[in-house]
Amino acid sequence: FHRILPLQRKPASTPSITVSAVESMVPSPTLYRLAANREYETIPDRVESHPEDVLWIDRYGSTCLHILCQARSHVNEDALLRAVRAIVKHRPDVVAWPNVATWTPLHFAVEKRCMSCSCNSIASHQRTRRSILPMVAQTRLASSTATQEGPTEWNNNSNKNQSRSGQSSSLRRTRLCTSARLVLLLLEACPRAVSVRTKTGLKTKTPFHIACEADADFRVLKAMLLINPSLATQPFVQTSDVILYQHHNSMENPLQLLWKNSHHHYNAHGGDKPRKDKMALLLEAAHMGSVVNVRPDGSSKQSRKFRLLNGACSIRCPRDYFALLLKENTDQLFQKDEFGLLPLHYAVQNAEELESQTYTQFVIGALLEACPEAAAVKDGHGRLPLHVAADVGLTWHKGGVQELTLGFTDALRTCDPRSGLVPFLQSAVHAIHSRLHLSTTLELLLAAPEMVHPGKILAKDRRQQSQA
């Protein structure tokens, strides 16, 4: 760790210096040393008298704010927040300053070892509460049997113990929200810091990715998505590096990170509701493009009604989470939204954005197994799901085209109203891309060989479309 040097004493008489002269002075490491020594009470005064010290960096490129955001001690937390507030009030742009490792103070503030302190505090509070319950019962019994002459020494001691326990419980409550308060303070000072990415290796993470890994508080995630809703869909691996990183494909977006890293925690501390609320928050940001009216209970006042299953079909989700949503929201399978789309339509039309067609096949298969009639439902433009699947380039063996074909075979003989082509001709456009696409065209043709010479079939279909 950094070597802590002794502090230089401030001279007794300080000459008056103008603000412009102070800002032009060379920064000194005094403020950095105060942060490293955890002397938080003196930091606001130092920032007021020597604001240029905020800009001092060590050999690793870290400022005093980097050091404060890495603090993991629960001692004097209010003083820590006051110190951070004084720094960001003077120089809010420091929140987005990366060090040599390209980590900003906000990256450190949402780190897992910081957010996990809240879970540890909850568990310790529950254990302490169970241990002091017998003591409280004995204290009440002694108070009830006391004489009317006045409080005894035992009663005085018990009152002192109760006041101390009240102070300690209030301290625990403070610990639960200190990390969240620190992050919210940084976000308010410099909103653009939430989109700053690290630049080391294949993983290029924003603070939002790290917050999902740390299972951050609902309010922290919401504040970040209010600034940039697209964070819910941004992978932490760049698109050009996905092929090199396919062995970590299951951990590619924030939904995957949040679901995996919160699974053990909520199973251990009871209830999955907090985890489901956070997942619903990310799904709404990804599907609706906004989380302005989202509440902690998952409800919202959006003019556009949000359905969880539609959101889950619009972005790649963990498979067990998708299966859970499908089981709990079966009523949404056949409910069209304001655009006339079902969950199956969203799953097919967003297949271009999904990294793996195997996952698309899993989603389409699960939806058709629960609601086979959805394969015959047209969207708002009169297109069947098979038309859209063939148009975006899904394949027979790994993309769900086989499931859509078996779900509604008449789609093989129906022309797409947009292109005027039947599905096998639509897929022939993509046949040059790979053997899977070529075999898809062949399978569609074998399923309806009469479409090679459609004749009366296509003429009848065109007459029906013109009449409609």
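A short reminder: the numbers here are calculations on the coordinates, not readings from a lab. Source: prediction; values computed, not measured. Positions of Cβ are backbone-derived with ideal geometry, glycine not excepted, and every protein chain shown enters the neighbour counts.
Once C-alpha pairs closer than 8 Å and six or more residues apart are averaged by separation and normalised to the residue number of region 360-460, the relative contact order reads 24 percent. Normalised by the number of residues in region 321-397, the average gap of Cα pairs under 8 Å and 6 or more apart makes the relative contact order 32 percent.
Of the listed peptides 359-366, 335-342, what is their order by residue-averaged count of other C-beta atoms within 10 Å, with the highest listed first?
Top to bottom by mean Cβ count within 10 Å: 359-366, 335-342.
Per-residue 3J(HN,Hα) values for region 220-226, derived from phi via the Karplus relation 6.51 cos²θ - 1.76 cosθ + 1.60 with θ = phi - 60°, read 5, 4, 5, 4, 5, 6, 5 Hz in sequence order (x marks Gly and Pro). Summarising the amide proton neighbourhood of residue 61: residues at separation of 5 or more, or on other chains, whose placed amide H is nearer than 5 Å comprise 100.
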